[in-house]
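Data first, discussion second: the structure below is written as structure tokens.
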Amino acid sequence: MKLTEAWRLSSLPYREVVYRSLAQERNRMWWGSFGRKSANKDSADDVELSKKALRIAKFDKIIIALFNLVVAIIPFSSFFFGSTAFGLSSSVSLSLAITFGFMTLYAIQTLSSFVSTDSSVLLSTLPVSQDDFSLITLFSFVRSVDYLVVGSILCQVILVAYLTLSPLAAALMFVASLINSVFAVTVALWLSRVFHKNYLRGGRSKRTTVFRDLFVLLWGCLLMGVGLLLSVPYYILPILDNTLQSANVLVGFLLSLFFPFSAGLLVSQLSGSIIPLFTTFGALAAMIFYVLGAWFSGKWSLGTVKLIAQGTGVKIDRSRAIDFQIKTSSPLRGYVMKDLRVTSRNPATAFFFVLPIFETVIVAFLASNVEFLRASTVLVATSMGAIFALLIPLALLNSEGKGIEYAKTLPITSQRMVSAKALITTLTFFPVPVALFCLALFKPPNSWFTVLIPFFMVISIVSARSLRF
Amino acid sequence: MVEIRDGIIYIKLGVGLSGELAVEPLVEVSGVSVRFGSFLALDNLSLRVMPGEVFGLLGPNGAGKTTTIKVLMGLVAASFGNVKVCGFNPLLEPVAVKSRIGYVAENSIVYESLSPRDFFEFVVSMRNIDSVSANRVVSRLADVFDLAQYFDSPIATLSMGLKQKVALIAAFIHQPPVLLLDEPLNGLDAKSSRVVKDLMSLHVQRGGAVLFSTHIMEIAEQLCTRIGIIDHGKVVAVGTLDQLRSKTDGKGSSLEDLFLKLTNEESAVAERSRMLREAFFSNETH
């Protein structure tokens, strides 16, 4: 099969993935009223909905790609403002690290649809050879991250070419960006697979429950770690720059062995910076190693996508239930428990379980450099918590998916559903005022009244329960 | 005790499943129209389902069967007409109606990331059922439907038939007076189909009512006390199988024949069969 033909056909499974993920989450606010207008019609508007899903996915990809461009440019911004405070090696390294994190984060959100075989069911019934089938599936997989990958590679290569005026440095940056993208997609695919396998494990033993909870926490920490990398590059840049410019040859050599520092150091060397020969050789050897690594991880991704498409990649564990006992609870508690369970089993939303820890860390981080707890620190911490509080209902609604259609057939009011979500949101916001209050005991605030500000915010979050949808 | 009103015989069956006196129809739809934009999904539709009755709703694809069930659930608002389930209006008193209905949707929509155990816990909590009776019903039905191996697996990993079993157990869990089942036997194996049919029979014997939609004529013929044939959003005929036969002068004919006659599809089906024969076998005959 010709590559162009395979690319054309790959729109079929891609369309299926896009449509399914949107149709299952038709209540998500971001998408407006996707599918809602035609909820009462059987399938008359399916074609229109599918087109709309593709338009939404395209818009989504463009926005994400633009945002990725911005975060890729930020580490280079000092060069455009006439400052040479930071070296090219740290800018290149950080730009690669940030785009890696962002691409991984985005791919984890979108690739979860790929780890099930649903999207290739129709394709697998057609008379297409196994190799062509794998190629088509691979292309459909590439389609979901194409703008993001192409955008970040182009942006980084153009920036390096502009700043160094060296074709060799630009070529090296191209290789480094490509490796970076391959690693990002491979890591995202691997993590999605791990999450999916864990999710399919099932079972209700204490060991399984503890393992699953631990996994969700680690998952959240990982995603939040990437988020931290995205949100605080200017905190990291000076530290990174000092380390890379370190007079200690051993530190420089050790860093040169790790991607993306090896790429940063080599690009910097090609642009005329003076870097010890020992470190340059280390970086070169490491880059060759990473090129090979990217080749093998690319092959692994290809193989994995192939296995997923064939439906042989995931083993479902069926352990026989010892009893059929079920626990009963009040409707509100039941709905909260359901929300927590459903959210923890969705790779795109499971991150929020780690928010209370994350918020506490950020609050401590914000207050670490000040002698007194100022009103501005309290306000920044409260705003950060409020932004997360805005994200939680979105995540909870997303994870409801089609299930909300079932919930509507149960004897509960929409207010109870909202109450459950408001309660979870309040609980995730609560660490902010508590952490600030605890900090205030060690770092006296200008006025104790300021510490009460986030507590007032709790009232406004709780008041969300009076809303209806 | 027998009472005749509006040409309908009301039989007092005593205390129903929910502990209420069942003298009224459990499901009553009169003159209901539903419009989606320019499309008239239900057109002045009326039907009644009495306690102790299995009412089969038959119709071609897109006839309005699912919409009728959704109107009864209060999921779709009627543009005109009145709807009552167990004496309550589904739009004005949705909680009262939904607590008296066991509903199985056409595509067994459930929370797919939950296991059946998690899902039943959720349903039982929402319905505020006491632990003892909930566990009794779930244990028995899960055992009957052979769910042991799948009880703690995510529903997403189950086959269509197993998902249907989960949806059916969730519909029976609170032993409601009214069962609204949209294609309840979809994907079920022979044994489970038999179990569901028996459950429906037992349910009506205890004074409950079942309204179910199907397009499998044999099932309707076997199970239904009365049958309503619906086409283009209108009820074209209602009655027992014998009453439908007498209406169409189709003595001894099957429900499928009656259905085609009543929906004026007989000649269209014959024409399509002829076209298919020509398309597939014309080469052989030549």
Those residues of the range A:387-446 which are of a type outside the set (D, E, K, R) and not in a helix (DSSP H, G or I), in sequence order: A:GLY401, A:THR409, A:LEU410, A:PRO411, A:ILE412, A:THR413, A:PHE430, A:PRO444, A:PRO445, A:ASN446
Condition check for B:ALA171: within 11 Å of chain A (Cβ to nearest Cβ) and in contact (Cβ under 8 Å) with a residue 60 or more places away in the chain: yes
Subset tally (residues that are modelled with pLDDT of 90 or more and more than 12 Å from chain A (Cβ to nearest Cβ)) for the range B:139-163: 0
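Yes or no, residue by residue, for (1) modelled with pLDDT of 85 or more; (2) in contact with a helix residue (DSSP H, G or I) (Cβ under 8 Å, 6 or more places away or on another chain); (3) within 14 Å of another protein chain (Cβ to nearest Cβ):
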site	(1), (2), (3)
A:LEU257	no, yes, no
A:SER268	no, yes, no
A:PHE281	yes, no, no
A:ALA285	yes, no, no
A:TYR290	yes, yes, no
A:ILE316	no, yes, yes
A:SER344	no, yes, yes
A:LEU355	no, yes, no
Within the range B:58-98, considering residues that are without any contact (Cβ under 8 Å) to a residue 12 or more places away in the chain and within 12 Å of chain A (Cβ to nearest Cβ), the one nearest to the chain's Cα centre (by Cα): B:LYS70
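Tell me which residues, restricted to the range B:41-73, are polar (S, T, N, Q) and assigned to a strand (DSSP E or B).
B:ASN44, B:SER46
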Among the candidates A:SER134, A:SER144, residue that is touching a Phe, Trp or Tyr at 6+ places or on another chain (Cβ under 9 Å), among the hydroxyl-bearing types (Ser, Thr, Tyr) and closer than 26 Å to A:ALA57 by Cβ: A:SER144
Failed condition for A:ARG374, given (1) under 19 Å from the mean Cα position of the chain (by Cα); (2) away from chain B (no Cβ under 14 Å); (3) surrounded by 16 or more Cβ atoms within 10 Å (Cβ to Cβ): (1)
Long-range neighbours under 6 Å by Cβ, at least six apart or interchain, first residue within 14 Å of chain B (Cβ to nearest Cβ) and surrounded by fewer than 19 Cβ atoms within 10 Å (Cβ to Cβ) within the range A:184-208, second modelled with pLDDT under 80 and assigned to a helix (DSSP H, G or I): A:ASN198/A:PHE215
Residues that are more than 7 Å from chain A (Cβ to nearest Cβ) and in a loop (DSSP other than H, G, I, E, B), drawn from the range B:112-128: B:GLU112
Close pairs from the range B:100-111: first at the interface with chain A (Cβ under 7 Å from one of its Cβ atoms) and surrounded by fewer than 24 Cβ atoms within 10 Å (Cβ to Cβ), partner assigned to a strand (DSSP E or B) and of a type in the set (Val, Ile, Thr), Cβ under 6 Å, at least 6 apart: none
Any hit, the range A:123-138, residues being modelled with pLDDT of 75 or more and buried (at least 23 other Cβ atoms within 10 Å of the Cβ): yes
Scan of the range A:360-380 for residues that are part of a helix (DSSP H, G or I), of a type outside the set (A, V, I, L, M) and in contact (Cβ under 8 Å) with a residue 12 or more places away in the chain, ordered by number: A:THR360
Meets criteria (touching a residue at least 60 places away in the same chain (Cβ under 8 Å) and closer than 30 Å to B:LEU168 by Cβ) for A:SER419: yes
Any hit, the range B:248-257, residues being in contact with a helix residue (DSSP H, G or I) (Cβ under 7 Å, 6 or more places away or on another chain), part of a helix (DSSP H, G or I) and hydroxyl-bearing (Ser, Thr, Tyr): yes
Residue check, A:GLN325 touching a Ser or Thr at 6+ places or on another chain (Cβ under 9 Å) and either away from every other protein chain (no Cβ under 14 Å) or modelled with pLDDT under 80 (or both): no
Boolean, A:SER383 is out of contact with any Lys or Arg (no Cβ under 9 Å at 6 or more places or on another chain) and hydroxyl-bearing (Ser, Thr, Tyr): yes
First in the range B:207-221 and assigned to a helix (DSSP H, G or I), second anywhere and surrounded by fewer than 20 Cβ atoms within 10 Å (Cβ to Cβ), Cβ under 6 Å, 6 or more apart: B:MET217/B:GLU256
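The values are calculated or read from the model by the stated rules, or taken from the named source; none is laboratory data. In this text the structure is predicted, and so the values were computed from the model without any measurement. Glycine also receives a Cβ, built like all others from the backbone with ideal geometry; neighbour counts cover every protein chain displayed.
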